[in-house]
Amino acid sequence: QVQLVESGGGLVQAGDSLRLSCAASGGTFSGHDMGWFRQAPGKEREIVAGVNWSGQSTYYTHSVAGRFTISRDNARNTVFLQMNSLKPEDTAVYYCAASPFRDYIDSRGRWTYWGQGTQVTVSS
């Protein structure tokens, strides 16, 4: 059983940057693909970015490609989401997720473990 705890959210202005962190415990971190999802009010949860177990393969949804960067530190059991050039439409609760299946790191992935989420609010 993997436990995930996100941190780093907050209130920022458009154009600012934030770095989200997700600390994992209770399992073999390097055995899991990791992902970041977000859910805005009134919208479905969507995948933002994914990284495979080794960190060598990444995925980004179109709306964040070129602005967000996902990375992981297997020695620290942590995955990061660096968010630059933030826009008001990035406002959402951001969730960290883990998949033990090592198959897909996009919306097809079997994301089994979830964190509680961290709020990101971008003002215009």
Checklist entry - Which ones in segment 1-22 are open to solvent by 50 Å² or more (accessible area, probe 1.4 Å) and part of a strand (DSSP E or B)? => result Q3, V5, S7, L11, Q13, R19
Next on the checklist: If I ask for residues that are surrounded by 11 or more Cβ atoms within 10 Å (Cβ to Cβ) and outside any strand (DSSP E or B), which ones from segment 36-45 would you list?
Outcome noted: A40, R45
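Can we say I105 is open to solvent by less than 30 Å² (accessible area, probe 1.4 Å) and in a loop (DSSP other than H, G, I, E, B)? Please lay out each step first, then the result.
Values: open to solvent by less than 30 Å² (accessible area, probe 1.4 Å): yes; in a loop (DSSP other than H, G, I, E, B): yes.
Yes; evaluated as a whole, the condition is true for this residue.
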Checklist entry - Going by the structure shown, is S54 open to solvent by 60 Å² or more (accessible area, probe 1.4 Å) and not in a strand (DSSP E or B)? => result no
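Report the residue count in segment 57-76 for those that are open to solvent by 40 Å² or more (accessible area, probe 1.4 Å), part of a strand (DSSP E or B) and touching a residue at least 12 places away in the same chain (Cβ under 8 Å).
Adding up the residues that qualify gives 5.
Just to check your reading of the model, which residue among V48, V93, V120, V79 is β-branched (V, I, T), assigned to a strand (DSSP E or B), at pLDDT 95 or above and open to solvent by 10 Å² or more (accessible area, probe 1.4 Å)?
Answer to the selection: V93.
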Checklist entry - Which condition number in (1) within 16 Å of the chain's Cα centre (by Cα); (2) closer than 24 Å to K87 by Cα; (3) small (G, A, S) is the one that G15 fails? => result (1)
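Yes or no, residue by residue, for (1) of a type in the set (G, A, S); (2) under 14 Å from the mean Cα position of the chain (by Cα):
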| position | (1), (2) |
| --- | --- |
| S54 | yes, no |
| A75 | yes, no |
| A92 | yes, yes |
| P100 | no, no |
| D106 | no, yes |
| Q116 | no, yes |
| S123 | yes, no |
Checklist entry - Within segment 21-45, which residues are without any contact (Cβ under 8 Å) to a residue 24 or more places away in the chain and either of a type in the set (S, T, Y) or touching a strand residue (DSSP E or B) at 6+ places or on another chain (Cβ under 7 Å) (or both)? => result T28
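The values are calculated or read from the model by the stated rules, or taken from the named source; none is laboratory data. Computed from a prediction, not measured in an experiment: that's the story for all the values here. Cβ: placed from backbone, ideal geometry, glycine included. Neighbour counts: every protein chain shown. Ligands, DNA and RNA are stripped out before the accessible areas are found, and what is left, the full protein with its side chains, is counted by its heavy atoms. Shrake-Rupley method; radii C 1.70, N 1.55, O 1.52, S 1.80 Å.
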